[in-house]
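This report concerns only the one structure given below.
Every number here is computed from the coordinates shown, using simple stated rules; none is lab data. A quick note: this is a predicted structure, and the numbers were derived from the prediction, not measured. Please note: Cβ atoms are built from the backbone with ideal geometry, for glycine as well, and neighbour counts cover all protein chains shown.
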Ligand SMILES: C[S@@+](CC[C@H](N)C(=O)[O-])C[C@H]1O[C@@H](n2cnc3c(N)ncnc32)[C@H](O)[C@@H]1O
């Protein structure tokens, strides 16, 4: 490495460490923050081959005004993708995750985007559903394997260890395709697969099978079991579908899954019951996401900023925290009037939207 580059790298690492220390000090204490967001999830396009029953963008049941994000079409250009990555890197956002309200690998520039993120950050991560037709047509298997050293992790949904149950919830996905792709990539790389299972009363019975399958197929994976955002547009997204404290069957299933995970070398993280309200909403101190919401300028869907696809966004009125390109640097966006006001209110127990009462992180009065 040339000496100037080396000095720059040391300086950056030092600054990143300082940012992390400031985060620890200022989290849920300050409304104006001295550190940049801990991560940005970059939503690259809306097109999808799945119609997941819980998805606020693509579920059939989310139509007819039941979700503020349903059917919003857009696709980010390579130029704008690069601009966002550059602003994040310059602003010391430690990590940018490539994701989408749709399927990232349906974007024609996905490989170019992965390569650009690697060029700037040295390493990247992305989400995909491993849709077989698209992967075969473009030989994305080998393209991912080629980039294996530079891919920190891949996130993907597997909603049950029972293929039929997975396929009924993640409509358009095939359990075997997802597993055989992870298996294939694992044979040639050390990429970590962060497998997401959205927990509901409909899909907790076969988690052990999922862990066994990951182990048997030698997939380097973690299983992240997360609570559902109950958007309430069908039975699967209803308040009755979430994991609550009285549900001893789910509690038992989660305990068994954690134990089996330990035995099989697959780390498993489990959520608290939805109604335990253990932690207040910390998203406004940690992360940003580009994702379109109804009410945004359709020309600017690709640069609309939120913190995540929570109920404040999907069924409430929180449709923007600003447009990315209105700001020259990330700190101006991160400390804009909207975000600072939200943090100030949260510090007084006042949540940003009326829909926040439906969230597990609601701890307002
Ligand atoms: C828009 S999605 C899907 C991206 C990609 N096409 C895929 O299938 O993996 C991004 C993430 O949001 C999660 N998600 C979507 N709806 C959700 C809900 N109602 N509750 C919790 N997580 C949800 C999904 O499980 C997924 O991990």
- Is the shape of the stretch 278-351 rounded, prolate or oblate, going by the alpha carbon gyration tensor and its root eigenvalues a ≥ b ≥ c, with a/c under 1.5 for rounded and a/b larger than b/c for prolate? oblate
- Query: Taking the inverse of the average 1/r across all pairs of different Cα atoms in the stretch 128-278, what Kirkwood radius in Å do you get?
  - Reply: 16.0 Å
- Item | Cα-based shape type of the stretch 116-160, given that a ≥ b ≥ c are square roots of the gyration tensor eigenvalues and the cut on a/c is 1.5 | oblate
- Estimated inter-spin distance, residue 336 and residue 272, nm [label 7 Å along Cα→Cβ]: 3.1 nm
- Pulled fully out, how much extra length does the chain show between residue 39 and residue 115, if you take 0.36 nm times their separation in residues and subtract their Cα-Cα distance? 25.5 nm
- Additional length obtainable on full extension of the chain from residue 264 to residue 1, 0.36 nm per residue less Cα span: 90.6 nm
- Segment residue 209-residue 136, extension gain: residue separation times 0.36 nm, minus the distance between their alpha carbons: 23.6 nm
- Query: Expressed as a whole number of Å, what is the distance separating the alpha-carbon centroids of the stretch 139-179 and the stretch 223-293?
  - Reply: 20 Å
- Evaluate E = 1/(1 + (r/R0)^6) for residue 26 and residue 83, where r is the Cβ-Cβ distance and R0 equals 30 Å; express this FRET efficiency to the nearest 0.05. 0.60
- Cα gyration tensor category, rounded, prolate or oblate, for the chain with a/c compared to 1.5: rounded
- Query: Between residue 350 and residue 363, what is the spin-label point distance in nm, taking each point 7 Å from the Cα along the Cα→C-beta axis?
  - Reply: 1.9 nm
- Query: Taking Cα pairs under 8 Å and at least six residues apart, what relative contact order does the stretch 138-265 come out at, in percent?
  - Reply: 25 percent
- Item | For the stretch 1-43 versus the stretch 57-81, the gap between their alpha-carbon centres in whole angstrom | 32 Å
- Separation between the residue 328 and residue 249 pseudo-spin-labels, each 7 Å from Cα along Cα→Cβ, expressed in nm? 6.0 nm
- Normalised by the number of residues in the chain, what is the relative contact order in percent for Cα pairs under 8 Å and 6+ residues apart? 18 percent
- Query: Mean residue ellipticity at 222 nm from the helices of the chain, using -39,500 (n - 2.57) per DSSP H segment of n ≥ 4 over the full residue count, to the nearest 500 deg cm²/dmol?
  - Reply: -11000 deg cm²/dmol
